[in-house]
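What follows is a single structure, written as structure tokens, with notes after it.
The values are calculated or read from the model by the stated rules, or taken from the named source; none is laboratory data. As the structure is a prediction and not an experimental result, all values here were calculated from the model. Because the Cβ atoms are built from the backbone with ideal geometry, glycine has one as well, and the counts that use them run over all protein chains shown. Ligands, DNA and RNA are stripped out before the accessible areas are found, and what is left, the full protein with its side chains, is counted by its heavy atoms. Shrake-Rupley method; radii C 1.70, N 1.55, O 1.52, S 1.80 Å.
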Amino acid sequence: MRILVLGSGAREHAIILSLLSERSGDAGRHDVFAAPGNAGIARDATIVAVDPVDPGAVTTFANEHAIDLVVIGPEAPLVAGVADALRDRGIPVFGPGRAAAALEGSKAFAKRIMDTAGVPTGRATRAQTESEVEAAMDAYGAPYVVKADGLAAGKGVIVTDDRAAALVHAKTYLDTGAILVEEFLAGPEVSLFFLSDGDTVRALSPAQDFKRALDGDAGPNTGGMGAYSPLPWLADRYGSEEAFVAEVTRTVAEPVIRTLDAEGTPFIGLLYAGLILTDDGIKVIEFNARFGDPETQVVLPRLRTPLSQLLMAAASGTLEDQPQPDFSDDVAVTVVLASEGYPEAPITGRSIEGVDAAGDIPGVHIAHAATAGDGAGLIATGGRVLNVVAVGSTFAEARERAYESLSRIHLDGSHHRTDIAARVS
Ligand code: AMP
Ligand code: GLY
């Protein structure tokens, strides 16, 4: 297949590596194109000069280059209506249209859909003034959960016992729109991805990410500092991973997909359910309309079903004919290497050494998040720079490989968490 992947992060690199790992028999490997990509993606796919958020440009490129399938990585092209434009022209695309993508972009829309679908979630209040924010905070009590109602790259949320800090956070975002104050939900978090063709869903294997910047879940929220999959401890709570996945499919994914379809905004793409396993049952904290980052980097290396087959079936409404996706028993751990100053004010432009040696360790590969070529070398171009991804037969093995690999990489001032998957066995 000729596949165009939109996006520039480690998630997109993971998607591309998964597509290229398929043994497609006589047909040979897929031809994969990426826009805009990064220096790591450029080693594996053909970078093309197409603006990924310009619906017309993407559609023209796909037509002129006989693209069989477009895979949209980040939310920005979804919000820009790129999937709508491609679908209008009959080009298979994995990614929801603008209206359905609001499940991610508008937390208020997501809450309304969950209400209609009867999906378990925490209580939330939409506030437009400071006094409304304060009243809602006092109604729910500490810890306070305050969110911007829009895209904020994972940084729009504060969870804190400090009432004054929560108010300051709310004020920063009140200027740009409404605020959501939520009931605090306690329990472990799980990210579960569903492929959807608008009607049928197929679950992938669960993962957990580490959102805080520092070890021990200290420091500010980030886009994600590491992840692992599968989650062996789910079996203690639910009997098996399969039983957990079946419950979330029945209580969360299917009702949401049905509700969106009934409202005339079918969801074709990746439904990301961010869940908290409370003592009161499984509750949704957020939906995303795209693959999670960095969870994708640990889910896809374990996927044995060809990814292109699943994405194409979702894009063309034939997911019902697909078997449940099959995963290897191997485990995967990813650790994110971040620039100095991330997430507040990352320092970029510094050179990165040792990436090839880091990828030489058995079971390890490097997914690039924000890199550019600088002659024969590499420089960091963003906050999250590289993801070391290690697969192993145990978490101890995968962790050891990941951290050995990281020790071979040098980026001045960089930081990473040292406790990714440390408590999993
Ligand atoms: P979100 O952007 O909504 O995913 O929130 C980012 C992170 O904040 C989540 O992954 C949780 O760790 C935390 N969080 C968000 N909402 C809640 C909540 N209602 N209760 C507890 N933690 C939350
Ligand atoms: N890992 C969190 C996200 O992708 O939004």
What's the ranking of 62-72, 278-288 by average number of surrounding C-beta atoms within 10 Å, highest first?
62-72, 278-288
Expressed as a whole-number percentage, the relative contact order of the stretch 88-237 with C-alpha contacts under 8 angstrom and at least six residues apart is 18 percent
Roughly speaking, what is the centre-to-centre gap between the stretch 68-88 and the stretch 217-268 when only Cα atoms are used, to the nearest Å?
23 Å
Sequence ranges 76-87, 210-221, 380-391, ranked by mean other-Cβ count within 10 angstrom, highest first:
380-391, 76-87, 210-221
Shape category assigned to the stretch 148-261 from the gyration tensor of Cα positions, a/c cut at 1.5:
oblate
Carbon plus sulfur fraction of accessible area for the stretch 377-418, probe 1.4 Å, in percent
47 percent
Protection-proxy order for peptides 264-276, 38-50, each taking the mean of Cβ atoms within 10 Å per residue, highest first
264-276, 38-50
Residue-normalised accessible area of the stretch 232-275, given per residue in Å² at a 1.4 Å probe:
41 Å²
To the nearest 20 debye, what is the magnitude of the charge dipole of the stretch 297-370 about its Cα centre, counting +1 on the Cβ of each Lys and Arg and -1 on the Cβ of each Asp and Glu?
100 debye
Portion, in percent, of the accessible area of the stretch 203-260 that falls on carbon or sulfur, probe 1.4 Å:
52 percent
Ignoring any ligand, DNA or RNA, what whole percent of the accessible area of the stretch 49-105 comes from carbon and sulfur when the probe is 1.4 angstrom?
52 percent
The stretch 372-425: relative contact order as a whole-number percent, Cα under 8 Å and 6+ apart:
29 percent
Shape category assigned to the chain from the gyration tensor of Cα positions, a/c cut at 1.5
rounded
Tell me, what is the per residue accessible area of the stretch 295-365 in Å², probe radius 1.4 Å?
40 Å²
Among all lysine pairs in the chain that are eight or more places apart or on different chains, how many have alpha carbons less than 19 angstrom apart?
14
For the chain, what is the relative contact order in percent, using Cα pairs closer than 8 Å and at least 6 residues apart in sequence?
17 percent
Between the stretch 295-345 and the stretch 399-425, how many Å separate their Cα centres?
21 Å
Need one word for the stretch 229-367: rounded, prolate or oblate. Basis is the Cα gyration tensor (sqrt eigenvalues a ≥ b ≥ c); a/c below 1.5 gives rounded, then a/b vs b/c decides.
prolate
